[in-house]
Amino acid sequence: MPGDEAQEIGRAQEVICAAIVNKVEMAISIQKRLLLPLFFLSGFSALVYEVIWARMLTLVYGSTIEAVSAVVTAFMAGLAMGSYFMGRWIDKRDNILLIYSITEFGIGIVSLSLYFIIIYLPDIHSTFHNIVDIKSSFALFNNNGYILEFLLVFVPTTLMGATFPLMVKSYVSSRNYVGEGMSIIYAINTLGAVFGAFLTGFFLIPYFGVMGTVFTAVTINTLLALAAYLIKRSLPARSAISAITPIPPAFQDNVTWRPLRPPISHTEPIVAFSVLLVTTLSGFASLAYQIAWTRVLTMVIGNSVYAFATILTTFLAGIALGSFVFIRQIDRIKDKILLLGILQLSLWLSVVTFLPRVDSLPSIFLSLFRHLPANFAGVIFIEFIVTFTVVLIPTILMGASFPVAARIYVNTVDSIGEGLGRLYAVNTVGAIFGSFLTGFIFIPTLGVQKTIFFISALNLFSGIILIGQAGSLRKTWRISVPAFSVIFFLYCGATNHDWNKNLLNRGVYIYADWIKSLSDNGISLTDYSKEFKLVSYEEGRHGTVSVTKTVNGLSLQINGKTDAGTTDTDMRTQTLIAALPLMAHPQPRDIAIIGLGSGVSLGAAEQFPVKRIDCIEIMEEVVKANRYFSSFNHNALNNPKTKLIIGDGRNHLMTTNKKYDVIISEPSNPWITGVSNI
């Protein structure tokens, strides 16, 4: 019968469509599993480039805070710009994986070009420095070509920033799993960054060198581009499926790229604004914390290249761990605003409760040093443990906050590119200002301890804003929780004791063997530190400079390590550093001394029949501390022969047209970051 035949045809068509849907679902599922390693490697290569560019560019522009800030600012600004504009553009595009493939290939090509540009950059920089005279009160771009440095890094990082919304757009295809999808991408990408930071600092550069490391990253980008293109080609297009047979309405809703539920209503404007504000403040606080904690940790674990790699790795590892916390639950949690508010308040609480105990870190370091092998691996392990003690809990809370904020702000697949791009951009812009203001203004003005305390107030403020908008909380709780938090914050500010700076200043990372031998004889670190009287202590843009007095005389410490002093041994060393090369030269007239220190080397050089001396010192705090050594260095800074130049010594020698008969390098520890560049 015609009716029976129609039913048979309909059932057959349903069976065929079911098979097609299953095939499509399987293809998409396989595609998603294949995309995750790509996103991991994308984060890996990005951190490889960041570390490499920072290291290479400091050889050109010096190790000043301005030069380093130019790299960080360019990196962050590029990420913000790329994510914002790519996010706005891709929501109306279909070939997302193809665009992602082209972008990754572009990163590789531009980064490879940048490597060769940087190789020849010293000559370019010298020419730029001599031709262009930029008169500006803005130190970041003042007369040193930092604009060129900024532009070089900005171009490839803009492409890197564009990859994040592309990753999420290509992975998230259902309104049901917007939060889970974004969280997975953020977590996997950040985990790749962790391995990138760790392997670059500890393995790639030591074993393959800078060039080999760059080529490794470029190869990864090229393979990512090829893999994304092949995955894109393997996915069956919807038009091809429709051409086989029309899909009945009953099955259309089962295809993953269709919504499984009715569209979720748009986020309320006040909530959207609050999330944007909180995300901006969170970005500000995260980079501010990183800089401030780095300054504290260098007093305990040192400032070698491995110490900085350790800090960067642990910071990213905490964020990666935090981003995994709510992956499965994020789409099921009803009051996400309340959750985000709790995370921000918990972050603030974790900072202010541990802050008074920071001066116990040297004791923790020594305790671990007594029980672990004193070899390279043992010391690196100690550095990781000490760093995790400080940053683990706060960074986990930071890592958990961004996916939750993204899920609140972005609730539809159709707008995921623009929404996530905007959110990622404001977070990165906040990070730029956090990095700049903390290094240039907050730490030199307030000191590290007060800087961290007041930065935590941003998390408190963010938590209060969100708790006040949490619909699942009763009004009494929305009032009482913020009120109690503010009272506790004020209480912490009133009762928070200053760190024992004398204890932090003992340089346990370099004198651990000596202090351990004292402890074996019953002398504790606290007792040992009492032998030193802290005469001066200043936290500047480049580091912490202190002057201490003992029965043996005065000593100058930089980040806890003694670099100069008035003991007999120090005086002989500092005098001979200057005297020996000047005695070897038949007629020295113009000389340069890199590093002021106690000024004894400069004072010794002034006793020779030289005409002019340029003394280059990177830290203004060392110059201020020199007044305590004036009776030992012949009042060196007031000698008319001497011209004091505040800046990076290597950069000065590269850019000056002046020729020197003798160049004396006073810093003598090449394992310290920056010193080896000389």
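Miscellaneous remarks
- Filter result (among the basic types (Lys, Arg) and surrounded by fewer than 18 Cβ atoms within 10 Å (Cβ to Cβ)) within region 514-552: 516, 530, 533, 549
- Of all residue pairs spaced 6 or more apart or on separate chains, those with beta-carbon atoms under 8 Å, a first member in region 78-104 that is open to solvent by 80 Å² or more (accessible area, probe 1.4 Å) and a second member that is of a type in the set (Asp, Glu) and at pLDDT below 90 are 88/418.
- Condition broken by residue 445, with the remaining ones in (1) without any contact (Cβ under 8 Å) to a residue 40 or more places away in the chain; (2) out of contact with any Gly (no Cβ under 9 Å at 6 or more places or on another chain); (3) over 27 Å from residue 67 (Cα atoms); (4) open to solvent by 60 Å² or more (accessible area, probe 1.4 Å) satisfied: (3)
- Odd one out for residue 511 among (1) open to solvent by less than 60 Å² (accessible area, probe 1.4 Å); (2) closer than 27 Å to residue 300 by Cα; (3) of a type in the set (Ser, Thr, Tyr): (1)
- For region 571-591, the count of residues that are under 30 Å from residue 68 (Cα atoms) and either open to solvent by 10 Å² or more (accessible area, probe 1.4 Å) or not hydrophobic (A, V, I, L, M, F, W, C) (or both) is at least one.
- Of residues in region 275-295 being closer than 12 Å to residue 452 by Cβ and of a type in the set (Ser, Thr, Tyr), the one surrounded by the most Cβ atoms within 10 Å (Cβ to Cβ): 289
- Looking only at region 320-337, residues that are open to solvent by less than 20 Å² (accessible area, probe 1.4 Å) and at pLDDT 90 or above come to 3 in all.
- Here the condition is being under 14 Å from residue 278 (Cβ atoms), assigned to a helix (DSSP H, G or I) and open to solvent by less than 10 Å² (accessible area, probe 1.4 Å); of 459, 427, it holds for 459 alone.
- The residue that is nearest to residue 302 (Cα to Cα), among those in region 560-579 that are assigned to a helix (DSSP H, G or I) and not polar (S, T, N, Q), is 570.
The values are calculated or read from the model by the stated rules, or taken from the named source; none is laboratory data. If you're wondering where the values come from, they're calculated on a predicted model, not measured in any experiment. All Cβ positions, glycine included, derive from the backbone under ideal geometry; neighbour counts span all protein chains shown. Heavy atoms of the whole protein, side chains included, go into the accessibility calculation; ligands, DNA and RNA do not. Shrake-Rupley method; radii C 1.70, N 1.55, O 1.52, S 1.80 Å.
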